[in-house]
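Take a look at the structure set out below.
The values are calculated or read from the model by the stated rules, or taken from the named source; none is laboratory data. None of the values given here were measured: they were computed from a predicted structure. Positions of Cβ are backbone-derived with ideal geometry, glycine not excepted, and every protein chain shown enters the neighbour counts.
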Amino acid sequence: MYRRNRTSGRARKLLIGVAAATLAGGAFAVSTGMSSAGENCAGLDGALRNNLDFIAGQRANPDALSDARIANRQAVVDLINQRRAAAGCTGNVQAAPTKAATKPPTKAPAQAPTKAAPTKAPAGGATGDVVCKGSTVTLSGEAGAPAASSGTFPIGTTLKVTNLDNNKSITVKVATPSGSCVLLNNAAFEEVREAGKFLIRRAVIERVG
């Protein structure tokens, strides 16, 4: 009788120890899952939504370069989704509804359209003509040395991008086509972006030379 009590007492202690270890393991898993949310989900979600909207717009109103632009932005979407997953972002981000554009009947212009002269950048760091005024700048997702892509300027054009929120700037050449005035590849974007942000809302874009 005495031996049975001693045996049952040991079994009870063993069960208590296993339960405590299980609880500790669960607490560790919870704390580890929480610690992965280091990036700003609002910023990542905003960058993802902008790129999804762009892709939806290209699909609704395609042109000769739409396939290249969509492939370029899809690479950006994949990269942002990887970072969202690592940060634990769970928001359901989708593109806004788009409508196919209806083209009005074309009329012969009475005279050749005149191009507005580009404005000069403010003094104190101006190195070229300000272009694409009011454009936002995001990343293209492309690897390699600092470079840019553009749907406004031909390959080989030199552009200077200044982030007005931190006064950082970079001068790069257009290497590939895209659907924006300028997109920076990963290396170039890292030089001028603010920590945790994947969109430059206040930028000065200059055409150099």
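Checked against (1) in a strand (DSSP E or B); (2) within 15 Å of A145 (Cβ to Cβ), V161 meets all criteria but (2).
Checked against (1) buried (at least 21 other Cβ atoms within 10 Å of the Cβ); (2) over 21 Å from L44 (Cβ atoms); (3) at pLDDT 90 or above, V137 meets all criteria but (2).
Contact map, the stretch 49-74: residues that are assigned by TED's automatic domain parsing to the domain that holds T136 paired with residues that are surrounded by fewer than 17 Cβ atoms within 10 Å (Cβ to Cβ) and in a helix (DSSP H, G or I), Cβ distance under 9 Å, separation 6+ or inter-chain. No pairs are found.
Could you please let me know if T162 is out of contact with any helix residue (DSSP H, G or I) (no Cβ under 7 Å at 6 or more places or on another chain), of a type outside the set (A, V, I, L, M), surrounded by 20 or more Cβ atoms within 10 Å (Cβ to Cβ) and more than 24 Å from L65 (Cα to Cα)?
On the way: out of contact with any helix residue (DSSP H, G or I) (no Cβ under 7 Å at 6 or more places or on another chain): yes; of a type outside the set (A, V, I, L, M): yes; surrounded by 20 or more Cβ atoms within 10 Å (Cβ to Cβ): yes; more than 24 Å from L65 (Cα to Cα): yes.
Considered against the rule, which asks whether it is out of contact with any helix residue (DSSP H, G or I) (no Cβ under 7 Å at 6 or more places or on another chain), of a type outside the set (A, V, I, L, M), surrounded by 20 or more Cβ atoms within 10 Å (Cβ to Cβ) and more than 24 Å from L65 (Cα to Cα), T162 comes out as yes.
Among the residues of the stretch 132-145, are any out of contact with any Ser or Thr (no Cβ under 8 Å at 6 or more places or on another chain), in a loop (DSSP other than H, G, I, E, B) and without any contact (Cβ under 8 Å) to a residue 40 or more places away in the chain? Checking the stretch 132-145: at least one residue is out of contact with any Ser or Thr (no Cβ under 8 Å at 6 or more places or on another chain), in a loop (DSSP other than H, G, I, E, B) and without any contact (Cβ under 8 Å) to a residue 40 or more places away in the chain. Can A71 be described as modelled with pLDDT of 85 or more, part of a helix (DSSP H, G or I) and either under 19 Å from T136 (Cα atoms) or in contact with a helix residue (DSSP H, G or I) (Cβ under 6 Å, 6 or more places away or on another chain) (or both)? Against the criterion (modelled with pLDDT of 85 or more, part of a helix (DSSP H, G or I) and either under 19 Å from T136 (Cα atoms) or in contact with a helix residue (DSSP H, G or I) (Cβ under 6 Å, 6 or more places away or on another chain) (or both)), A71 does not qualify. Scanning the stretch 187-209 for residues that are within 15 Å of the chain's Cα centre (by Cα) and either farther than 23 Å from G46 by Cβ or crowded, with 17+ Cβ neighbours inside 10 Å (or both) yields A188, F189, V192, R193, K197, F198, L199, I200. Among all residues of the stretch 111-121, there is none that is in a loop (DSSP other than H, G, I, E, B) and modelled with pLDDT of 85 or more.
Among the numbered conditions (1) at pLDDT below 90; (2) farther than 23 Å from A87 by Cα; (3) β-branched (V, I, T), the only one that T157 does not meet is (1).
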